[in-house]
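The structure appears below as structure tokens.
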Amino acid sequence: MYPTLLSSATIGNYAISNKVVMAPTLSKLRVPAGIPNDVIVKYYSQRAKAGLIIAEGTGPAENGMGQADMPGIYSKDQISGWKKVTKAVHENGGRIFLQIKHTGRISHPANMPAKADIIAPSAITAKGEIWTERLGWQPHATPRAMTTSEVGKMVQQYVKAAIQAIEAGFDGVELHAAQGYLMDQFLHPDTNQRTDKYGGSITNRVRFILETVAAVSHAIGRHRTGILLSPYSQVNDLQHHNQIDATYEYLTDALDTYGLSYIHLLTEPATPAMLIAGIRSRFNGTLILNGDYNALEAEQTVQNGLADLIAFENPCVSSPLAGKFESTASEPLKKPNYACANC
């Protein structure tokens, strides 16, 4: 029914069976202690028919584990748990990248390991509430502003997480620089009020992301490194500002010089078509668009050349991919999806 969308493609150095990407929405919030278990193994293996799976947002360090029951990639047990997942996906013919997500200020102590600090570019509390297993909905906590040296150390923490993801059998990693989490917090002037080399101008606000991209792609390979962006999102108390387009044009130009595997772009209704087209023209790697597409819209978008691959959330998450977007039975959610990797 969808010959272009379901035809083979490449991403980085990998051949994939179709142009369907399973977006990194949390796998039903069942990752106690941050360690993937047999439920998670089954969940991802059932969906291996997608051309590419991007596994859910995963913390690179204890201070990045701000959401309830999110997985990590910093301990031996977590790595062992993920090895079972990647083995099952590969045995079923799939490819899988791990999304590395540090929550930054979008956190609560009740969700985090004991003594873990909540850190962010600046000590600015996010409006709204966050779900915790133990206390229910709670206001966001006030973060501690990172020192300049801590930002540099965080770059290395991402590198370590990426190396451990490859050790766990992932085909690559996606750096979460979207939707108001740590990397995105550096991009926005309302969340980044620093006066050092990581704050102020567009060049400075983009610096942490680019340093991390450079270090991670050097450590594991450019073909194994992608990034998630969301220019016009207002999730997690982000505010629109008059430098959005200029920021993402500058960032895209810089990302292109690193030869990354892909940009995964979350589009909001407010995202200007000119910006999407501009990112497409500025970036020579694979562009994945994620904008609540149905199959027909996705087919047309790929045929028109606006994107190389299309990421889906609900069709992949609610049921295992059935090749032609047919519905199949799957386990219902046991609790509300209070948080997802894209929101």
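The values are calculated or read from the model by the stated rules, or taken from the named source; none is laboratory data. The shown structure was predicted, so the numbers you read here are calculated from the model rather than taken from an experiment. Note: ideal-geometry Cβ built from the backbone for every residue, glycine included; neighbour counts use all protein chains shown. With ligands, DNA and RNA removed, areas are computed over all heavy atoms of the protein, side chains included. Shrake-Rupley method; radii C 1.70, N 1.55, O 1.52, S 1.80 Å.
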Run down ALA214, ALA161, ALA168 and say which single residue is open to solvent by 20 Å² or more (accessible area, probe 1.4 Å), touching a residue at least 12 places away in the same chain (Cβ under 8 Å) and of a type in the set (Gly, Ala, Ser). ALA214
Only unsatisfied item for GLN164, checking (1) of a type outside the set (A, V, I, L, M, F, W, C); (2) under 17 Å from the mean Cα position of the chain (by Cα); (3) assigned to a loop (DSSP other than H, G, I, E, B), is (3)
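A quick yes/no check of all residues on (1) in contact with a Lys or Arg (Cβ under 8 Å, 6 or more places away or on another chain); (2) acidic (Asp, Glu); (3) more than 25 Å from THR286 (Cα to Cα):
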residue	(1), (2), (3)
ILE54	no, no, no
ASN63	no, no, yes
GLY81	no, no, yes
ILE96	no, no, no
HIS102	no, no, no
ASP117	yes, yes, yes
So which residues in region 70-79 are touching a residue at least 24 places away in the same chain (Cβ under 8 Å), more than 14 Å from the chain's Cα centre (by Cα) and not in a loop (DSSP other than H, G, I, E, B)? ASP77, GLN78, ILE79
Going by what's in this entry, would VAL85 be described as more than 17 Å from the chain's Cα centre (by Cα) and surrounded by fewer than 16 Cβ atoms within 10 Å (Cβ to Cβ)? no
What do you reckon, is TYR262 out of contact with any helix residue (DSSP H, G or I) (no Cβ under 9 Å at 6 or more places or on another chain), of a type in the set (Ser, Thr, Tyr) and open to solvent by less than 20 Å² (accessible area, probe 1.4 Å)? yes
Considering only residues that are open to solvent by 40 Å² or more (accessible area, probe 1.4 Å), acidic (Asp, Glu) and modelled with pLDDT of 95 or more, which ones fall in region 298-326? ASP308
Of everything in region 49-69 that's touching a residue at least 60 places away in the same chain (Cβ under 8 Å), assigned to a loop (DSSP other than H, G, I, E, B) and in contact with a helix residue (DSSP H, G or I) (Cβ under 8 Å, 6 or more places away or on another chain), which residue is nearest to GLU133 (Cα to Cα)? ALA68
Taking the condition out of contact with any strand residue (DSSP E or B) (no Cβ under 6 Å at 6 or more places or on another chain), surrounded by 16 or more Cβ atoms within 10 Å (Cβ to Cβ), among the basic types (Lys, Arg) and closer than 25 Å to LEU309 by Cβ, does ARG222 pass? yes
Selection count where residues are within 29 Å of LEU229 (Cβ to Cβ), not in a loop (DSSP other than H, G, I, E, B) and not aliphatic (A, V, I, L, M), scope region 84-108: 4
List the pairs whose first member sits in region 248-271 and is within 24 Å of ASP292 (Cα to Cα) and at pLDDT 95 or above, whose second member is charged (D, E, K, R) and open to solvent by less than 40 Å² (accessible area, probe 1.4 Å), and whose Cβ atoms are under 7 Å apart, counting only residues at least 6 apart or on separate chains? HIS264/GLU174
